[in-house]
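This report concerns only the one structure given below.
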Amino acid sequence: MRIITFLRSNITRGCLKFDILSCKWFPSINRSLITRAQCSMATLETLKFDNRALKRLPIDKEEKNYVRSVAGACFSRISPTPLKNPTLVAHSQSALNLLGLPPSEVARPDFAEYLCGNRILPGSEPAAHCYCGHQFGYFSGQLGDGCALYLGEIENGRGERWELQVKGSGKTPYSRHADGRKVLRSSIREFLCSEAMHYLGTPTTRAGTCITSDDYVTRDVFYTGNSIRERATVISRIAPTFLRFGSFEIMKTMDDMTGRVGPSVGRVDILHQLLDYTTQCYYPEVVILPMDSSVLVS
């Protein structure tokens, strides 16, 4: 009997345990891991925000929210535009686990209010990111977060850091001619594709929630002139960072083909700040040797 007891407690394969009496494999529950996971979970009010991007990168001095070229800054502080009667359509628990949010928080009646931006999470500092980019093969100049907002960076119970963003949260200085909103149709597509790509093994932005509302926006779905009204919707996105190549192009000098420049053209000091921030925070294994700044810029 002692041998059987020993075998029942020690024959395991990954997350499975073999029961010698029934000759079957069963899930192996590691109680210590469950306890640690439960202890690492947070509430919406106790998420550990440490928004180092806003501490270390330049912020727009203009506080008013209107469309403009933003010079000398990587972020503009902007408040989300509230939604009427936000309603949770779908959520990915595995994505929310990255933030340390358990299912009990999703079940809260005010959960959608926080994840759509109607209520500001304690410690959150909403801001829109300034970046440039290429469209249709040409340098487009300033693009930026035209409908998305950085909410902050959260350190979970495992010591991992994740940036939380909401998309569809209203106008920003980078909205150009758009209204800063997303609709349910496209939000469901992005939510599903993000999570599908993750589970197919492709590193990508995670989708935490999809929240729709009783606010409506007008969209010409097929570009035929037949516009329809669709529900304004917000999805939350999670990634280690939302920095991109275009983040570094805000310092770009005149483009030979388009004649466009970055909004912070020639600001080598911002380039150095952004390079130092990116390497130190996301590529600490990279050793940057002293070099002449002219070589760096070229």
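The values are calculated or read from the model by the stated rules, or taken from the named source; none is laboratory data. The structure presented is a predicted model; accordingly, all values stated were derived computationally and were not measured. Note that we place each Cβ from the backbone using ideal geometry, even for glycine, and neighbour counts take in every protein chain shown. The area values use the complete protein model at the heavy-atom level, side chains included, leaving out ligands, DNA and RNA. Shrake-Rupley method; radii C 1.70, N 1.55, O 1.52, S 1.80 Å.
For residue 202 and residue 107, FRET efficiency with R0 = 30 Å and r from the beta-carbon atoms, rounded to 0.05?
0.50
Suppose every Lys and Arg Cβ carries +1 and every Asp and Glu Cβ carries -1, with no other charges. What dipole size does the stretch 70-126 come out with about its Cα centre, to the nearest 20 debye?
My answer is approximately 120 debye.
I need the shape label for the stretch 46-112. Rule: rounded when a/c is under 1.5, else prolate if a/b > b/c, else oblate, with a, b, c from the alpha carbon gyration tensor.
Oblate, since a/c reaches 1.5 and b/c is not below a/b.
Out of all Cα-Cα pairs in the stretch 210-281, roughly what percent, to the nearest whole number, are more than 18 Å apart?
Summing the P(r) tail past 18 Å for the stretch 210-281 gives 64 percent.
Quick one: net charge of residue 241's neighbours, Cβ under 11 Å, K/R +1, D/E -1?
Residues near residue 241 contribute +1 overall.
At 1.4 Å probe size, with every protein chain present, just tell me what the per residue accessible area of the stretch 164-298 comes to in Å².
56
So, counting K/R as plus one and D/E as minus one, what does the shell of residues with Cβ under 15 Å around residue 104 add up to?
-2
Using a Cα-Cα cut-off of under 18 Å, which aspartates and glutamates could be cross-linked to residue 64, ignoring same-chain neighbours fewer than 8 residues away?
By straight Cα distance, residue 64 reaches 125, 145, 179.
In nanometres, what is the gap between the two model label sites at residue 269 and residue 179, each 7 Å from Cα along Cα-to-Cβ?
4.1
Place +1 on the Cβ of every Lys and Arg and -1 on the Cβ of every Asp and Glu in the stretch 136-223, take the dipole about the Cα centre, and give the residue among 148, 197, 221 whose Cα lies farthest towards its positive end.
221
Under the rule a/c < 1.5 gives rounded, and otherwise a/b versus b/c splits prolate from oblate, where does the stretch 155-298 land using the Cα gyration tensor?
Note, shape of the stretch 155-298 comes out oblate.
Enumerate the whole-percent occupancy of each 10 Å bin, from 0 to the last occupied one, for all C-alpha pair distances of the stretch 120-212.
14, 37, 40, 9, 0
For the stretch 57-203, state the semi-axes of the equivalent ellipsoid (square roots of 5 times the eigenvalues of the alpha-carbon gyration tensor), sorted largest first and rounded to whole angstrom.
26, 18, 17
Residue farthest toward the positive end of the dipole of the stretch 150-279, with Cβ of Lys/Arg at +1 and Asp/Glu at -1: which of 273, 208, 162?
It is 208.
Give, in nm to one decimal, the length gained when the segment between residue 229 and residue 241 is fully stretched (0.36 nm per residue of separation minus the Cα-Cα distance).
Taking residue 229 through residue 241 to full extension adds about 1.0 nm, to one decimal.
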